[in-house]
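Asks: Quick one: the structure is below, questions incoming.
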Amino acid sequence: MNVGIEHYVVVSAILFALGLLGVILQRNLLIIYMGLELMLNAANLALVAFSRFNNNPDGQIFVFFIITVAAAEVAVGLALIVALYRKRQTVQVEDLARMKL
């Protein structure tokens, strides 16, 4: 079986759809955050696939920088979620929506 760009795009679309469902349907901040990361990785997969099949390394270089920024985003995002949990003892979105400044 010859794996073409269509296969990569389909897998990327499925991953993006699963991440989007996680963001839309879940009420837990950790699950929402994992959905966002899944969507980001789906976009990265599509970029790498297009880059490889067009013989142009620009997409792969762009993905390298995206992964670098995403690592910093994960560290900051998880730190915020942990701090929020320590203060409110919950990571449910509906409980946090009632917070006042």
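Asks: Pull out a ≥ b ≥ c, the square roots of the eigenvalues of the alpha-carbon gyration tensor of the stretch 1-99, then state rounded if a/c is under 1.5, prolate if not and a/b is larger than b/c, and oblate in the remaining case.
Replies: oblate
Asks: Another one. On average, how much accessible surface per residue is there in the chain, in Å², for a 1.4 Å probe, leaving out ligands, DNA and RNA?
Replies: Result: 72 Å² per residue.
Asks: Probe radius 1.4 Å, ligands and nucleic acids left out: which of Met39, Met34 has the largest accessible area, and how do the rest follow?
Replies: Largest accessible area first, the residues go Met34, Met39.
Asks: Right, something else. Sequence gap at least 6, Cα distance under 8 Å: using those rules, report the relative contact order of the chain to the nearest whole percent.
Replies: 26 percent.
Asks: Rank Pro57, Val93, Met39 by how far each Cα sits towards the positive end of the charge dipole of the stretch 5-95 (+1 on Lys, Arg Cβ; -1 on Asp, Glu Cβ) and give me just the farthest.
Replies: Farthest along the dipole direction, towards plus: Val93.
Asks: Could you work out [θ]222 nm for the chain from helices alone, using -39500 (n - 2.57) per DSSP H run of at least four and dividing by all its residues? Round to the nearest 500 deg cm²/dmol.
Replies: The helix contribution divided over the chain gives -27500 deg cm²/dmol.
Asks: Heavy atoms only, probe 1.4 Å: what % of the accessible area of the chain goes to carbon and sulfur, would you let me know?
Replies: 70
The values are calculated or read from the model by the stated rules, or taken from the named source; none is laboratory data. As the structure is a computational prediction, the values presented were derived from the model and not from experiment. So basically every Cβ, Gly included, is an ideal-geometry build from the backbone, and we count neighbours across all protein chains shown. Please note that ligands, DNA and RNA were not included when accessible areas were found on the heavy atoms of the full protein model with its side chains. Shrake-Rupley method; radii C 1.70, N 1.55, O 1.52, S 1.80 Å.
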